[in-house]
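Here the structure is laid out as structure tokens; the discussion comes afterwards.
All of the numbers you see were taken from the coordinates with simple rules; none came from a lab. Quick caveat: nothing in here was measured; it's all calculated off a predicted structure. Here the Cβ is made from the backbone with ideal geometry for all residues, glycine too, and neighbour counts use every protein chain on show.
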Amino acid sequence: MKCSRATSVLVVAAVIVIVAACSSSASQNNRSSGSGGAVSLGETFMVSQWDPAQSVNPIVDFPYQAQVYDRLLLRQSDGTLAPMLASKWEVAPDSKSITLHLRSDVTFADGSRLNSALVVANLKRYQQAKTAIAGQLANVDTVTAVDDTAVRLTLKAADPLVLYNLSWGAGMMVGQKGLDDPSALSKRPDGSGGFVLQSQTPSAATFVRNASYWDKTRTYAPKLTINNMIDPSARVNAFQTGEINIASVKLGDNYTASKALADKGAGKLYTYKSNAQYQVFLNTKSAPLDKPQVREALSLAIDRSQINSALLNGQCAPSSSIAPSGTVGYVADLKPVDVDVAQAKSLLQSAGVSNFTMHMLVPSSPPFTLIAPALQQMFGKIGVKVELDQVEVQSAFPTWTQGNSQAMLNQATVSVPDAVAYAENAVVGPNSPGGSPADITALVDEARPLPIGSNQRATAEQALTKALYSSPLHLPICQIPSTYLYSEAVTGVDNLPFALNFDAPDARFLNSKPVS
Amino acid sequence: MSKAEGRWTVTVAFLLRRLLGVVVTLVLVSVGAVLLIELVPGDPAVVSAGDFATPDSIASARHSLGLDKPLVPRVFSFLGHMLTGNFGVSANLNPGIPVSSVIAEALPVTISLVLVSLLIAIVIAVPVGIAAARRPGSLLDRGLTGLASTFLAIPSFVVGVILIQVLAIQLNWFPALGYVSISEDPVAWLSHITLPSLTLGLVSASELARQVRSAFVETFDQDFVRAAEGAGLRRRTIVLDRALRNSAVPILTVVGFQVARILGGIVIVENIYSMPGLGTLAYNSVLRRDLPVMQGVIVVSALLVVGFNLLVDVLIVLVTPSTRLQHA
């Protein structure tokens, strides 16, 4: 009697564990073998809300919102623009107005149809938003409906780069019901995209194919799940157990583990050389960083190759140019500056600088916490003492733009693969608290209004790139890769819009072959 | 007054004193939550305003976070709102969404995790502690005590990584991460909660087992146990009916401490297993400087700890003789 009761308890406990384990194995097997085209992506953050106008961190929300909201223009995986809700567009010869011609076969989730009045309402709403999205349309003066299917944007100053902003945040079009009820919109999207939000938990959003989507030229996955997995190791673990079939990979241990899986055939890796670069930002208002020789000396002290090979898995291509490969303004002849301690010391001497201590803001997360001590050592070799001031990642740029810091190690990210876009952000814009010399500003002003894709623009931007290479304002270090670990069944990994820019891709073109 | 009425009066008085202590603790924690924000480096309004913030949007963020008010009115305002469960709205994790809704979504995950971890800890610790206590100093006792000490020395995240590697990745017995609600699928819920609960429960079991062992060693040495043995009662009856009741109070007290310990471990464990509970919410709110959510999580976490400990106090009352209760 005594034995049978204890035995019964043990048997029940064992059955529960076995059922739970079998349930897990079965569901994982279903996920990876019988799902018939489902894609499950492991990403870093979760969407905060579905109203683009209320997104406080638009880059974080974009991978999710991009599935349900089409944009006026499509940013392709190579950075070029293509038609989307606007079937064609015209930029005036003086680049001071843009006319968009809209598709007539687009319907939103609420049943409303795309027309110029809806586009005007959307754009005006973004202009008046109290979030970052308003900045994307800062140069837009007026938005008017030309007719039922055409919209004209008049610009305050000639700047065709506005088109790029119509291919992400400010280009996302919301249906009429969503515009009428922003409170409901924040919880439930009202878009016309290739996917419809099926369900959402705090850690994942699941989308299903929009059966009435206007684009019949592509095959979209029947189901797409984007999972919030902050911990990079958790993403790799989830990939190994089949819970996700594509994961974003970060440099460091995460990359090493992912590469090991790829090497033994348990997955594949695809890397984009993004437009983002690790960079030391310098405050040119702060002496002696106002002297070009000092900035050049600091650049010569950085051993970019060693940082790449020792700290960044050899995946971060060294760069000394503001326009890395794939960016308009890229100059292939501008090789990464070789380290030259002697020359650097000589430059400092000619500038009359000795015993210089520089305070550098450092975001308190890898790989910045790895790169910073290496830079400290490298600058120390030329006699520049560096004090590292660690700050929260989220605080770094806000602290830097207040203009009280001398230097900052961070990521130079541009939303557009264009040297002028970089310059507007980091040279003449808020991320250069010391401002820029008149000649550089003039080069930016000269390139800005020129037509996108024109030889004129490319030539003008190359001039800007060369000027900042020979006399740097900031110190690019290397080109950050955007890497994905994916299973063999997943297709379209080489066609991820925005993988070049934010490492927050648009996953709409991913698909998955059913595994037999 | 009859004996039963007397016990009832003493019990009520005891619990009322504990309840008052709970209220005072929560008030102090809430004040601490507001003051803690003052100690956080940097300007929360700047971070809250997000990328590409303008001076206007920073000022607007400062106003909506209440940071433009002096400290003392802010403390009283927070206390007043807290009484109605109003922690404001999320600043940038889920902009515009009430903090209470955000926390309500995360709470069931963490409560599941805490309860199952505690259950695992008790189910392991009690038999192990009793087995060790039956023959103090024996090989079994030393072996079990050594094993408990080893697990106590291992950080919970190391245990978690090992469990994931072996049971999830190598053997594919359990999922490596995620959470499914029990109402959605009880079996999937159990499957997802097992590894994280083991991660937290094993470490707690180690500490609890040592406490159980100590309590039972002392109890087994009591005259009434020897008398019961002499009277021919079975060992099992002595342990379960007599010794357990007498050892219950210190064991229950340590169980209460384990709740705080388990709650302290949820930040790391929920992140390792990508579970959308209070721990992940706490981590994200700190990362994204979402002050209202941070404050809400601090208060709710404190409420969980004091709530569980109040429950432990009730259980202690039920098992404690009234004379001891009077002195307490």
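Just a few scattered comments:
- Helix content alone sets the calculated 222 nm mean residue ellipticity of chain B: runs of n ≥ 4 DSSP H residues at -39500 (n - 2.57) each, divided across all residues, give -25000 deg cm²/dmol.
- Working from Cα pairs under 8 Å separated by at least six residues, relative contact order for the range A:221-309 is 12 percent.
- Cα-Cα P(r), chain B, percent of pairs per 20 Å interval: 26, 49, 22, 3, 0
- Each residue of the range B:120-130 was assigned a 3J(HN,Hα) from its phi angle through the Karplus expression (A = 6.51, B = -1.76, C = 1.60, θ = phi - 60°), giving 4, 4, 5, 4, 7, 5, 5, x, 5, x, 5 Hz with x at Gly and Pro.
- Taking each DSSP H run with n ≥ 4 as -39500 (n - 2.57) and averaging over every residue of chain A yields -10500 deg cm²/dmol at 222 nm.
- Binning the alpha carbon pair distances of the range A:311-392 at 5 angstrom intervals from zero yields the distribution 3, 12, 17, 17, 20, 18, 11, 2, expressed in whole percent.
- Most tightly packed first, judged by the mean number of other beta-carbon atoms within 10 Å of their residues, the peptides B:76-87, A:214-225 read A:214-225, B:76-87.
- Screening chain A for whole DSSP H helices with an alpha carbon extent of at least 27 angstrom along the helix axis and a mean Kyte-Doolittle hydropathy of at least -1.0 yields A:2-33.
- Top of B:L304, B:L107, B:L20 by mean-square fluctuation, Gaussian network on chain B, Cα under 10 Å: B:L20
- Ratio of the Cα radius of gyration of the range B:92-152 to 2.2 N^0.38 Å, where N counts its residues: 1.90
- Shape metrics for the range A:477-516, restricted to C-alpha atoms - Rg then Dmax, Å: 12.0, 46
- Backbone amide hydrogens, once placed in the peptide plane, bring A:K285 within less than 5 Å of A:G434, excluding anything fewer than 5 places away on its chain.
- Taken residue by residue and averaged, Cβ atoms of other chains lying within 10 Å of the Cβ of A:54-63 number 4.
- Candidates B:G232, B:G32, B:G279, ranked by Gaussian network fluctuation over chain B, Cα under 10 Å, top entry: B:G232
- Cα convex hull, the range A:362-402: 63 Å³ per residue, rounded to a whole number.
- Within the range B:1-130, the proportion of C-alpha pairs whose separation exceeds 19 Å stands at 69%.
- Rounded if a/c under 1.5, otherwise prolate or oblate - chain A, Cα gyration tensor axes: oblate
- Ratio of Rg to Rh over the range A:391-516 (Cα coordinates, Kirkwood Rh, two decimals): 1.08
- Computed over the range A:55-184, the ratio Rg/Rh where both radii use C-alpha atoms and Rh is Kirkwood: 0.93
- The share of C-alpha pairs in the range A:280-319 whose separation exceeds 15 Å stands at 49 percent.
- Here the convex hull built on the C-alpha positions of the range A:173-274 has a volume of 158 cubic angstrom per residue.
- For the segment A:224-234, counting C-beta atoms of other chains within 10 Å of every residue's C-beta and taking the mean gives 4.
- Shape category assigned to the range A:319-365 from the gyration tensor of Cα positions, a/c cut at 1.5: oblate
- Cα gyration tensor shape of the range A:332-447, rounded if a/c is under 1.5, else prolate or oblate by comparing a/b with b/c: oblate
- Ranked by how many other Cβ atoms sit within 10 Å of their own Cβ, fewest first, the residues A:T256, A:T357, A:T491, A:T284 fall in the order A:T357, A:T256, A:T491, A:T284.
- Listed residues B:V249, B:V46, B:V203, most fluctuating in chain B (Gaussian network, C-alpha, under 10 Å): B:V46
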